[in-house]
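K.L.:
Here it is, the structure, as structure tokens.
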Amino acid sequence: MPSYDGSADLEVFEAFVYQWDSWCRAKGIYGRYAVEILNYAVSNKAQKWYMRHVALDARNWTMDRVYAELWEYCSPVSFREDLRRKLMRSKQKRRPVKDFAQDIQNISVRFPDIDVYTRKRILWDGADAYIRLFWIEKGRSVERDTFDILLHYAKRAGLRELERLRSSREMRGEHIPSDDASCFFLRVGVGAFATAAAAAAAAAAIAARTFGFATQQLVDSQSLDAQALPQETSDGLAVPVALATTGLRLQRASSVVLDYMSATVPS
């Protein structure tokens, strides 16, 4: 048999109401008899209320009236105000949109003044940003569309968001299925890029060493040539001799570079 102790928890109370109704139907108990045997299902604060208000006049009570007044007695004084505030400020907060929409429906039925448009507005304003953007992209409107249509498109937006997140994780390498051909080519491409980068770095290092070696050879040759050349001549041939010597130096440096690169750079 279900039981309720009078706790001020709406979800607990609603679960008791559902379970009690189901239990009574299964046992074939209806009407006044269901009100009378409710005494065996309540305890603590709930039983105190039952004995004071219902027990002596059970035949004049219905289960709907019992539920309404029992909850009014057990709930906080500001319960309805707090519940309304909670409804109007509802946010999805990354929950499944189906759960968010159901919460709106469950709470709004307790307030007769919460009409269909208000429920749609709460759904629209409280949904996550990616859902609102999807609604706008698809031409949806809180003014024209029904609650169910908005919910249908919101579910589609949720599926798209899940796929986007999955693709983003795969691109970051967090999860790449081994049987995905596109992911295979992605891995091959990344490997080729890494190999090319390493080769370029090695070539740059070789070029730097080659340039340094050739420069040193050129400096050494200049020192030797400077010692061998005359500083001046009596017949005015110093400038032509210097130019010719410079050409020999450049030819020697080029030969040194080519020989070094042939020896160090693999074919």
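No value in this document is a laboratory result; all are computed from the given coordinates. Predicted, not measured: the structure shown is a model, and the values here were computed from it. Heads up, the Cβs are rebuilt from the backbone with ideal geometry, glycines too, and the neighbour counts pull from every protein chain shown.
K.L.:
Tell me, Kirkwood radius of segment 25-94 from alpha-carbon pair distances, in Å? Numbers along the way, then the final one.
P.N.:
Details: mean 1/r = 0.0710 Å⁻¹.
One decimal place: 14.1 Å for the Kirkwood radius.
K.L.:
Straight-line reach only, C-alpha to C-alpha below 29 angstrom: list the lysines that K91 could link to, leaving out same-chain residues fewer than 8 apart.
P.N.:
K120, K138, K155
K.L.:
Between the alpha-carbon centers of segment 102-155 and segment 48-93, tell me the distance in whole angstrom.
P.N.:
The distance from the Cα centre of segment 102-155 to that of segment 48-93 comes to 27 Å.
K.L.:
List every residue whose amide H lies under 5 Å from the amide H of V42, counting only residues 5 or more places away in sequence or on a different chain, with H placed 1.01 Å from N in the peptide plane.
P.N.:
Under 5 Å from the amide H of V42 lie the amide H atoms of Y4, each far enough along the sequence or on another chain.
K.L.:
For Y117, Y67, Y33, what's the fewest-to-most ordering of other Cβ within 10 Å of each Cβ?
P.N.:
Lowest count first: Y117, Y33, Y67.
K.L.:
As a footprinting exposure proxy, order S3, S108, S78 by other Cβ within 10 Å, with the fewest listed first.
P.N.:
If I rank by nearby Cβ atoms, fewest first, I get S78, S3, S108.
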